[in-house]
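Here's the structure, in structure tokens; my notes come after.
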Amino acid sequence: MKRILSLVVLVFLPACAHIGLGTSQRDRTSVWTEAHQAFEVGEFARATALFEELSERHPDTLEGRESLFYLGVLHLDPRNPNWASLPAEMSLARYLGLDEARPGAIHRRPEGRTLLQLAQQLNMPPQARVPGLQPEVVTREVQGPRVVVPAQESRALAAEVERLRSQLAERDATIRQQREELERIRRTLTRPAQ
């Protein structure tokens, strides 16, 4: 009896692994969910790490393939402090390459193509980009804030300005006198001896 039971278990055990959710599937699904939750709340570094883990550990699964799309999106998200269009381009190119190798393997081909083109444009020199992505010189007149000084402060400031002007005039007069004295000394020293 034990022998028959062992044979039944051995025969059906491999089938259960394909039908049911094995530890790899549960792990993959929980990492996928966790990555999306991190992305949703703006934990970009954590979401990036989780999507990278999925793409590396489960490259032949739907989650592993689609994680490449999300890595591209994460790198293009302007809210991401580690925003970078070059890694976005690489992830999206890898994602679209999966569809060329195995048609139907990915689900976001149009979005991936659009985001890839955007990343490629952002990686070009600004003047080589399409007109909508070229930087524009924007000039705008900004009126400074109007400062209202109370009358008492205004009088005090006017008195301070007047005091500083008189000090400046005194120093200028002193400098003029010293220059004249210096010139007189030079003339005295350079006179021919008699």
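The values are calculated or read from the model by the stated rules, or taken from the named source; none is laboratory data. This structure is a prediction, so every number in the text was calculated from the model and none was measured. For neighbour counting, all protein chains shown are included, and Cβ atoms are generated from backbone atoms with ideal geometry for every residue, glycine included.
Some notes on this structure:
- Of the residues in region 146-163, at least one is of a type in the set (Ser, Thr, Tyr), surrounded by 10 or more Cβ atoms within 10 Å (Cβ to Cβ) and over 33 Å from the mean Cα position of the chain (by Cα).
- Flag if residue 66 is surrounded by fewer than 11 Cβ atoms within 10 Å (Cβ to Cβ) and under 22 Å from residue 37 (Cβ atoms): no
- The residues of region 100-155 that are within 16 Å of residue 86 (Cβ to Cβ), among the hydrophobic types (A, V, I, L, M, F, W, C) and not in a helix (DSSP H, G or I) amount to a single one, 124.
- Residue count for region 133-157, restricted to those that are touching a helix residue (DSSP H, G or I) at 6+ places or on another chain (Cβ under 9 Å) and not hydrophobic (A, V, I, L, M, F, W, C): 2.
- Some residue of region 58-76 being outside any helix (DSSP H, G or I), β-branched (Val, Ile, Thr) and out of contact with any Pro (no Cβ under 9 Å at 6 or more places or on another chain): yes
- Residue match in region 104-115 (condition: over 12 Å from residue 66 (Cα atoms), at pLDDT 90 or above and among the basic types (Lys, Arg)): yes
Okay, residues lined up against (1) over 19 Å from residue 28 (Cα atoms); (2) of a type in the set (A, V, I, L, M, F, W, C):
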residue: 62; (1), (2): no, yes
residue: 80; (1), (2): yes, no
residue: 86; (1), (2): yes, yes
residue: 89; (1), (2): yes, no
residue: 95; (1), (2): no, no
residue: 106; (1), (2): no, yes
residue: 110; (1), (2): yes, no
residue: 113; (1), (2): yes, no
residue: 124; (1), (2): yes, yes
